[in-house]
Amino acid sequence: MATDKGLKSTVWLKIKTEVLDDCRRENEWKILLLDPFTTKLLTSCCKMTDLLQEGVTVVEDLYKQRQPVGDLKAIYFISPNEKSVDCIVNDFNSPSSCKYKAAYIYFSDTCPDNLFGKLKSCQPKTIKRCKEINVSFFPKESQVFLLNVPDAFHMLYSPDKVVDKESAMQSIAQQIVTLCATLDENPGVRYKREPLDNAEELANLVEEKLVQYYKLDERNQCKEKSQSQLLILDRGFDPVSPVLHELTFQAMIYDVLPIEEDVYKYKSDSETSKENEGRLDESDELWVKVRHRHIADVLEEIPKLVKELSSSKKEAEGKLSINSLSNFMKKMPHVRKQMSKQTLHVSLAEDCMKKFQGNLEKLCKVEQDLAVGTDVEGQKVKEHMRVLLPVLLNKDLDKYDKIRAILLYIFVENGTTQENLDRLIQHAKIEGDGDVLKNWKYVGVPIVPKSSQRKPPRRDRSREETFQLSRWTPVIKDVIEDNIENKLDSREWPYCSECPAAWNGSGAVSARQKHNTINREDKKTVSKLIIFVLGGITYSEIRCAYEVSQANKFVQVIIGSTHIITPKKMLDDVKNLTKPHVPKETFTIME
């Protein structure tokens with residue numbers, strides 16, 4: 001677990017203390033039973049070896065047929081749902097057929113009374129423990145969390161009145177509260193007023209549930225607001241970042257290469273047809289080092305990596321005395337692992353560059369000019385249509401690339417006329433995909449007619465060094481930096497609750513604000529800034545959270561959403577808003 005930091009370690013520590021330590025006996029082995037949600041949760045923050053060290057001898061899927069093991073006690077770590085509770089009842093419903101010696105039940109979240117009541121039908125004295133531990137989010141990376149709401153986008157933005165948006169909002173709010181509880185924070189809550197009222201609705205729900213949670217929490221009868229803040233935004237606040245081609249490594253890989261479940265398949269040797277698989281996660285230190293760098297920087301790193309790789313091979317081919325062979329064999333598993341990681345990143349970078357040297361380079365120039373509103377020389381782009389036209393007429397570009405460029409044109413123009421929209425659809429030959437443009441209105445982005453509302457000013461970044469094809473900065477970075485410098489306008493960013501004085505320069509924030517005097521020493525501790533975006537976050541926005549944290553040693557930015565979006569996924573989700581809803585699977589069990 002040495003390489004896992006931040007959120008992953010925090011979640012693992014909480015599960016270890018509140019579940020595994022809670023029923024520990026010296027030299028006693030236990031069985032751990034998980035449902036799909038808790039399987040995914042544990043997979044995200046620990047390995048089987050970590051569980052073995054905690055006295056867990058077997059991990060089983062609660063939903064599958066299992067052999068009884070009468071001499072071992074069972075730990076049930078489950079989400080509070082009917083199917084999981086029914087499985088426990090079946091395991092202990094008669095004296096002759098109890099599957100295990102005893103049951104220790106831990107719910108990942110608050111268990112409703114009706115489900116709790118079902119457990120009473122189990123054999124007396126078989127249930128030794130029943131607790132709620134409040135972890136119902138996934139720690140995706142050290143500073144990134146995701147919620148278990150795969151249908152969130154459709155539920156939040158679909159114009160279909162049948163969709164149960166209210167229960168989705170309740171579920172999202174509850175999961176955010178479990179994140180705050182896991183971090184042991186009671187943050188001040190603020191929300192972005194525009195473009196829709198989703199952020200306001202969610203912020204009020206979260207604040208309500210935080211008050212409730214810290215009243216119920218036996219450790220803190222009434223926990224004061226901590227030195228942390230939670231900002232809630234709705235996806236429409238920045239429609240540009242989700243459709244732009246990004247050239248930083250992680251964002252580019254997930255956009256242009258076929259990555260599934262964070263796994264990339266590649267051939268390391270052109271002579272063999274054998275396909276390798278590489279997992280992109282934080283256990284790979286090299287990935288953590290290069291994921292937020294620009295592709296040009298990553299390419300500079302590659303010769304160094306290749307050099308290391310070839311020197312490892314030479315070491316193996318050189319004169320091998322018995323002594324040196326023995327030393328090399330000791331190092332071999334490590335060397336082999338390092339070599340496969342390096343080969344993976346070389347393949348990733350090379351595959352990205354093949355895409356870039358195709359049509360991507362010209363496309364990126366057009367996208368940047370439209371998004372930023374100025375060209376490379378800093379001259380204002382006067383005619384956006386003139387910039388867009390070459391993309392529409394280029395027969396080599398695929399449909400989605402044209403759609404992305406058209407959207408950037410509409411975003412920069414702040415909407416367009418119906419006549420012009422029809423003409424754009426016709427030019428790009430995307431008559432069957434008009435909804436992918438029109439449906440952005442449901443996300444709160446002006447499409448037809450043009451909006452007269454002025455766009456908020458951006459931070460001046462003219463002195464920051466950037467690559468010519470990467471001049472756009474996601475709006476979220478402005479928000480995070482403005483918040484740290486107390487520059488967010490409270491009319492645009494209202495408060496749902498009192499916020500600690502460390503975060504507001506003036507102190508006059510809301511009628512409910514308590515006078516809060518903080519000494520200089522307390523200000524030096526790291527405050528957490530939690531950002532939650534309803535409706536998906538992009539890898540470029542995730543990168544911004546890490547960049548600002550690295551630049552400000554007194555603030556740690558934790559960013560999360562219902563899910564992570566890639567441009568293709570975002571466009572598909574928008575297009576499907578007006579189609580009948582097909583529920584997605586809630587989770588996938590990872591082997």
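The values are calculated or read from the model by the stated rules, or taken from the named source; none is laboratory data. Predicted model, so just to flag it, every value in this text is computed and none were measured. Every residue, glycine as well, gets a Cβ built from its backbone with ideal geometry; the counts of neighbours run over all protein chains shown. Each accessible area value is taken on the protein alone, full model and side chains, heavy atoms only, with ligands, DNA and RNA left out. Shrake-Rupley method; radii C 1.70, N 1.55, O 1.52, S 1.80 Å.
For the range 405-427, the criterion of being over 27 Å from the mean Cα position of the chain (by Cα), modelled with pLDDT under 90 and among the small types (Gly, Ala, Ser) is satisfied by no residue at all.
The set of residues in the range 77-92 that are of a type outside the set (S, T, N, Q), under 21 Å from residue 14 (Cβ atoms) and crowded, with 21+ Cβ neighbours inside 10 Å comprises 77, 78.
Screening residue 114 against (1) surrounded by fewer than 16 Cβ atoms within 10 Å (Cβ to Cβ); (2) modelled with pLDDT of 90 or more; (3) part of a strand (DSSP E or B); (4) not basic (Lys, Arg) leaves a single unmet condition, (3).
The number of residues in the range 73-106 being assigned to a strand (DSSP E or B) and not aliphatic (A, V, I, L, M) comes to 6. Residue count for the range 157-180 under the criterion of being of a type in the set (A, V, I, L, M) and either open to solvent by 10 Å² or more (accessible area, probe 1.4 Å) or closer than 12 Å to residue 560 by Cα (or both): the result is 5. From the list 206, 189, 163, 263, the one residue that fits, being among the aliphatic types (A, V, I, L, M), modelled with pLDDT of 90 or more and farther than 27 Å from residue 556 by Cβ, is 263. Just one of (1) modelled with pLDDT under 95; (2) open to solvent by less than 40 Å² (accessible area, probe 1.4 Å); (3) under 30 Å from residue 298 (Cα atoms) fails for residue 268. It is (2). Here residue 34 passes the criteria (1) of a type outside the set (Val, Ile, Thr); (2) within 28 Å of residue 184 (Cβ to Cβ); (3) open to solvent by 20 Å² or more (accessible area, probe 1.4 Å) except the one numbered (3).
Across the range 413-438, the number of residues qualifying as free of Cβ contacts under 8 Å to residues at least 60 places away in the same chain and either among the hydrophobic types (A, V, I, L, M, F, W, C) or over 27 Å from residue 456 (Cα atoms) (or both) comes to 15. Against the condition of a type in the set (Val, Ile, Thr) and open to solvent by 40 Å² or more (accessible area, probe 1.4 Å), how does residue 211 come out, does it pass? So residue 211 passes the test. Given the condition in contact with a strand residue (DSSP E or B) (Cβ under 8 Å, 6 or more places away or on another chain), at pLDDT 90 or above, under 30 Å from residue 153 (Cα atoms) and not acidic (Asp, Glu), answer yes or no: does some residue in the range 497-506 qualify? Within the range 497-506 (the criterion being in contact with a strand residue (DSSP E or B) (Cβ under 8 Å, 6 or more places away or on another chain), at pLDDT 90 or above, under 30 Å from residue 153 (Cα atoms) and not acidic (Asp, Glu)), the answer is no, since none of the residues qualifies.
Within the range 117-133, the set of residues being of a type outside the set (A, V, I, L, M) and assigned to a strand (DSSP E or B) comprises 128, 129, 130, 131, 132. Just so you know, in the range 439-472 the residues that are touching a residue at least 60 places away in the same chain (Cβ under 8 Å) and of a type in the set (A, V, I, L, M, F, W, C) include one that is most open to solvent (accessible area, probe 1.4 Å), and it is 467. Contact annotation: residue pairs with Cβ atoms under 6 Å, 6 or more positions apart or on different chains, pairing a residue in the range 245-267 that is at negative phi with a partner that is part of a strand (DSSP E or B), are 247/294; 248/294; 263/277; 263/279; 264/278; 265/277; 266/276.
Highlighted here are the helices (runs of 4 or more DSSP H) found entirely within the range 161-257 that include at least 2 residues which are among the small types (Gly, Ala, Ser): 165-182, 198-216.
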